[in-house]
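Each reported figure results from applying straightforward, stated rules to the coordinates on display, with no laboratory input. From a predicted model like this one, the values you see are computed outputs, not experimental measurements. Backbone-built Cβ (ideal geometry, glycine too); neighbour counts: all protein chains shown.
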Amino acid sequence: KHLIDLYESVNGTMSNNSDCPPVVLPEEVFFTISVIGVLENLIVLLAVIKNKNLQSPMYFFICSLAISDMLGSLYKILENILIIFRNMGYLEPRGSFESTADDVVDSLFILSLLGSICSLSAIAADRYITIFHALQYQRLVTPRRAAVVLMIIWACCTGSGITIVTFSHHVPAVIAFTALFPLMLVFILCLYGHMFLLARSHARRVSTLPRANMKGAITLTVLLGVFIFCWAPFVLHILLMTFCPADPYCACYLALFQVNAVLIMCNAVIDPFIYAFRSPELRDAFKKMIFCNRYP
């Protein structure tokens with residue numbers, strides 16, 4: 001609600017200061033992509049739950065990322081349902097119920113971003129330990145410890161999401177929200193930098209590591225690249241909307257609001273394909289589920 005209110009006021013300013021008309025996409029596009037994203041990530045969760053050989057810390061973290069993606073898609077589905085009910089007259093515009101529902105929906109959206117950031121960071125840390133502490137990995141990263149880490153992550157993300165929505169009209173809250181994105185990138189890039197330096201100084205040791213460990217690092221790289229590509233335009237949009245909504249150049253970028261939103265929805269659709277393409281075990285689990293265990 002807060003974002004939409006601000007977006008509507010920006011549209012009024014933009015029409016007076018810029019020749020760039022807002023790009024409007026059909027709601028059916030958002031709804032279709034969101035439904036596909038929810039179904040795909042639900043299949044990922046079911047595949048890990050039903051296959052004991054996939055119930056390892058690495059796949060726990062992947063499930064956490066799948067939940068984040070699913071929340072991002074579910075946010076748009078619920079938003080569309082609220083809009084339909086309001087247009088049909090079942091909800092009082094700007095009423096107390098709609099305001100509360102909007103806050104819940106906004107919390108899901110922010111929780112999706114925070115969960116994705118933390119899940120990718122957890123996957124990066126897991127890959128780092130797998131590659132450079134392979135002998136101690138089974139002792140350091142146990143399923144129980146991974147579950148505790150994920151519980152802490154989601155508890156913090158939930159509290160942060162509620163706080164950000166509550167204080168979303170305040171600039172410090174917007175800065176804190178957008179600062180998480182580059183901080184996550186710095187954390188993961190630091191791990192990558194350290195891995196690169198160790199790889200150069202211990203080339204022989206790294207070359208003897210199981211191929212699956214390096215493959216997992218490559219999977220993380222692909223996931224991270226897709227995440228940055230899909231979410232960075234929206235994070236930039238929030239910053240420009242907060243600090244220079246009246247500037248004509250900023251207004252031209254703000255006109256792409258719905259395009260940036262579609263990119264976020266696409267992230268939830270692309271990630272499961274990355275899992276399936278990079279993981280033969282998960283790919284086989286998908287096939288068995290789709291063909292009702294008739295796949296050999």
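Laid out as a table, the results:
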item: Segment Ala232-Arg139, extension gain: residue separation times 0.36 nm, minus the distance between their alpha carbons; result: 29.8 nm
item: Radius 10 Å from Cβ of Asn53, net charge of other residues (Lys, Arg +1; Asp, Glu -1); result: -1
item: Centroid-to-centroid separation of region 18-62 and region 224-263 [C-alpha atoms, Å]; result: 21 Å
item: Label-point gap, in nm, between Ser99 and Arg283 - each point 7 angstrom along Cα→Cβ; result: 5.3 nm
item: Nearest-0.05 FRET efficiency for Val222 and Val259, computed from C-beta distance (R0 30 Å); result: 0.85
item: Largest-first principal axis extents, alpha carbons of region 33-168, Å; result: 62, 32, 19
